[in-house]
Amino acid sequence: LWICLPALTCFLPTVGHALGKGFRRMLGVTIGGLAAILIVYVNPMNVPAVMVELFIVAALSKFFTMDPAIGYLGFQTIVTFCVVGVCNALDPTLNDGDRMEAALYRMLFTLIGLVISIFLALVTFPSYCGRRLAKQTSKELSSASSVVSTLIKGLASRKHDGSKEPE
């Protein structure tokens with residue numbers, strides 16, 4: 001799951017978008033994961049400390065999401081911090097060794113999924129496919145709109161009793 005989820009969410013139909021979103025996500029996962037591993041190491045099972053740290057990271061992440069260029073980085077930072085750090089730091093079923101190991105594995109698998117996604121986008125999508133897709137989409141929309149306009153004109157030319165007006 002931790003490999004598949006980032007690979008699916010960052011696998012976009014153009015290389016540029018996949019690289020941009022993938023690298024922003026990778027940076028957000030790295031920042032959030034490092035902060036999460038720090039709280040798992042320093043404050044395991046200390047609920048008040050983890051909640052204060054969660055508030056600080058959430059405030060900083062919200063600040064980053066306000067910039068459109070790096071907004072996704074902020075979102076990924078808080079999501080990774082919650083999933084990797086808060087969940088593992090407050091899980092009473094884990095001992096300290098298992099807690100740290102689970103946090104490291106989650107972060108590692110997420111980064112592996114991102115690398116797979118970026119690699120697949122580079123290998124499978126040629127650089128021109130985005131332009132071809134846009135042109136074909138515009139042709140399809142134009143065709144669909146002409147069909148709809150013809151149907152509306154036909155409906156508008158009918159009388160209330162169902163007979164057709166002479167043209």
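The values are calculated or read from the model by the stated rules, or taken from the named source; none is laboratory data. The shown structure was predicted, so the numbers you read here are calculated from the model rather than taken from an experiment. All Cβ positions, even for glycine, are placed from backbone atoms using ideal geometry, and neighbour counts span all protein chains on display.
In the range 89-102, the residues that are assigned by TED's automatic domain parsing to the domain that holds Ile37 reach residues that are buried (at least 17 other Cβ atoms within 10 Å of the Cβ) and outside any helix (DSSP H, G or I) with C-beta atoms within less than 7 angstrom, at least six apart or across chains, in these pairs: Ala89/Asn43; Ala89/Pro44; Asp96/Pro44; Arg99/Pro44; Ala102/Leu94.
Applying the criterion of being in contact (Cβ under 8 Å) with a residue 12 or more places away in the chain and more than 17 Å from Ala102 (Cβ to Cβ) to the residues of the range 47-59, the residue that is surrounded by the fewest Cβ atoms within 10 Å (Cβ to Cβ) is Val47.
Out of curiosity, is Phe109 of a type in the set (A, V, I, L, M, F, W, C) and surrounded by 18 or more Cβ atoms within 10 Å (Cβ to Cβ)? Against the criterion (of a type in the set (A, V, I, L, M, F, W, C) and surrounded by 18 or more Cβ atoms within 10 Å (Cβ to Cβ)), Phe109 does not qualify. Considering (1) more than 17 Å from Phe75 (Cα to Cα); (2) loosely packed, with under 15 Cβ neighbours inside 10 Å, the lone condition that Asn43 does not fulfil carries the number (2).
Right, Ala69: closer than 30 Å to Leu122 by Cβ and among the small types (Gly, Ala, Ser) or not? So Ala69 passes the test. Taking (1) of a type in the set (A, V, I, L, M); (2) at pLDDT below 80; (3) more than 28 Å from Thr30 (Cα to Cα) in turn, Leu122 satisfies each apart from (3). Applying the criterion of at least 1 residues that are modelled with pLDDT of 85 or more and over 20 Å from the mean Cα position of the chain (by Cα) to the helices (runs of 4 or more DSSP H) found wholly in the range 1-92 leaves 15-42, 47-65.
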